[in-house]
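The values are calculated or read from the model by the stated rules, or taken from the named source; none is laboratory data. Predicted model, so just to flag it, every value in this text is computed and none were measured. All Cβ positions, glycine included, derive from the backbone under ideal geometry; neighbour counts span all protein chains shown.
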Amino acid sequence: MNAIDARLRELAIDLPPPPAAAAAYRPVVLHAGLAYVSGQLPRDGAQLIRGQVGDEIDVAAGKAAARACALAVLSVLRQALGGDLGRVRACLQLSGFVAAVPGFEAHSEVINGASDLLVEVLGPAGGHARAAVGVATLPFGVPVEVSAVFAVREPLQT
């Protein structure tokens, strides 16, 4: 068991099954030691979390939705890395999009749900550059979408 899997176990976090791509894109693209993770949506089990922050969803629920997005990010990343999150060297960039009512200004607080989860699981390697952007709507009526870029080690040759 690698250190990240051990940390997930210690935190009692079970990653959800990796969601399938909803259109003509790949959930993760690996290139030159980088893993580009496509935008992941928040789920509660198999169901998408829906709503607009500042209307049907409050900041705490938005933050929980962002955390769910980060769990999906790690899930599709683990799948792309052949089940070995131990190959993650660092999270370089996290981009979070928050569907919110006009005048809402706590986008960063909502996206902290994703940022905090990555640092909690990856430790210092989870620290990242970040964008937290407010938008009018997101696909399927979800309140948050999160994408990320990771530096990864090449697999060991046997």
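Rundown of residues vs (1) over 19 Å from LEU85 (Cβ atoms); (2) out of contact with any Leu (no Cβ under 9 Å at 6 or more places or on another chain); (3) of a type in the set (Lys, Arg), yes/no style:
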{"site": "MET1", "(1), (2), (3)": "no, yes, no"}
{"site": "LEU8", "(1), (2), (3)": "no, no, no"}
{"site": "LEU15", "(1), (2), (3)": "no, no, no"}
{"site": "HIS31", "(1), (2), (3)": "no, yes, no"}
{"site": "SER38", "(1), (2), (3)": "no, yes, no"}
{"site": "ALA46", "(1), (2), (3)": "yes, yes, no"}
{"site": "ARG50", "(1), (2), (3)": "yes, yes, yes"}
{"site": "GLU56", "(1), (2), (3)": "yes, yes, no"}
{"site": "GLY62", "(1), (2), (3)": "yes, yes, no"}
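Of the residues screened, ALA90 is one that is in contact with a strand residue (DSSP E or B) (Cβ under 6 Å, 6 or more places away or on another chain), surrounded by fewer than 17 Cβ atoms within 10 Å (Cβ to Cβ) and either farther than 30 Å from ARG9 by Cβ or among the aliphatic types (A, V, I, L, M) (or both). Every listed requirement among (1) more than 12 Å from the chain's Cα centre (by Cα); (2) surrounded by 20 or more Cβ atoms within 10 Å (Cβ to Cβ) is met by ASP84 save one, (2).
Tell me which residues, restricted to region 47-59, are more than 17 Å from the chain's Cα centre (by Cα) and either of a type outside the set (A, V, I, L, M) or surrounded by fewer than 17 Cβ atoms within 10 Å (Cβ to Cβ) (or both).
As a first pass, look at region 47-59 and keep what is more than 17 Å from the chain's Cα centre (by Cα): 51-59.
Correct list: GLY51, GLN52, GLY54, ASP55, GLU56, ASP58.
Tell me, yes or no, whether region 140-158 has at least one residue that is assigned to a loop (DSSP other than H, G, I, E, B), touching an Asp or Glu at 6+ places or on another chain (Cβ under 6 Å) and more than 25 Å from ALA12 (Cα to Cα). No, region 140-158 contains no residue that is assigned to a loop (DSSP other than H, G, I, E, B), touching an Asp or Glu at 6+ places or on another chain (Cβ under 6 Å) and more than 25 Å from ALA12 (Cα to Cα). Residues that are free of Cβ contacts under 8 Å to residues at least 24 places away in the same chain and within 20 Å of ALA64 (Cα to Cα) were ranked within region 11-44; the one that is surrounded by the most Cβ atoms within 10 Å (Cβ to Cβ) is ASP14. Cβ-Cβ contacts under 9 Å between residues 6 or more apart (or on different chains), taken from a first residue in region 47-60 that is modelled with pLDDT of 95 or more to a second residue that is of a type in the set (Val, Ile, Thr) and assigned to a strand (DSSP E or B), are listed as ILE49/ILE57; ILE49/VAL144; ARG50/ILE57; GLY51/ILE57; VAL53/VAL98; VAL53/VAL144; ILE57/VAL144; VAL59/VAL53.
For region 60-68, the count of residues that are under 29 Å from VAL135 (Cα atoms) and more than 16 Å from the chain's Cα centre (by Cα) is nonzero.
When LEU71 is tested against (1) free of Cβ contacts under 8 Å to residues at least 60 places away in the same chain; (2) farther than 21 Å from ALA12 by Cα, only condition (2) is not met. Just one of the listed residues (VAL98, VAL88, VAL76) is touching a residue at least 12 places away in the same chain (Cβ under 8 Å) and touching a Phe, Trp or Tyr at 6+ places or on another chain (Cβ under 6 Å), namely VAL88. Per the listing GLU120, GLU154, the residue uniquely farther than 16 Å from VAL29 by Cα, in contact (Cβ under 8 Å) with a residue 12 or more places away in the chain and of a type in the set (D, E, K, R) is GLU120.
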